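J.: Please see the structure below; I have some questions.
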Amino acid sequence: MPLHARCRPHTSPLPKPKPAVPAVIPEKAGEVWGGALTEGLARRPAERGNLQIVAGSLLAVGEDAAAARDLLRPMIALYLGGMGAKGKNFYNDLARAYGYEEAAEKIQDLYLSGRKREAEATVPDELTELVSLRGPEGYVRERIEAIRAAGVTQLNVRVVDPDPARLVEKVKGWL
């Protein structure tokens, strides 16, 4: 029995997503991307439409920032420590570019040696702060505005809240 495609194949190259972690940290975006983004936008063919820049983060609005920070530690340790071999880990390189060379090295060494809990405990509080949207409402709103000003067009969040749908609707109202 022959198999026939019922749709036309996509013939133009699909854009390769580039991790947008620098955009989550608006203060660091320029340092990491430099003029490459501006130059790339200038060369982008108009028929491809506007470039979409996607950033992701944990979203927790409230006063218990420490609990949200602790939720992030395993994820950050995984990305810095386990998403590639030594010298071939985009996220580890990025943390180093942000000024966390020693922490990135230690986290990766611990993670790759199977000491994941120790790697998680090594994640600096300041780094969890920079890569998340957590804290009192006013602070989170300011961070979202800074992310928008850095050029992010879409924000994907992992919501930490007893009523995630309510919080997402609330945040949509801020946009």
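J.: Please give the contour-minus-distance gain from GLU145 to THR38: 0.36 nm per residue of separation, less the Cα-Cα distance, rounded to one decimal in nm. Please list the in-between numbers first.
T.: On the way: separation 107, 0.36 × 107 = 38.52 nm, distance 2.02 nm.
Length difference between fully extended and current span is 36.5 nm.
J.: If the chain between LYS86 and GLU169 were fully stretched, how many nm would it gain, using 0.36 nm times the residue separation less the Cα-Cα distance?
T.: Full-extension gain reported as 25.8 nm.
Quick note: the coordinates plus some simple rules give every number you see, no bench work behind them. No experiment lies behind these values; they were computed from the predicted model shown.
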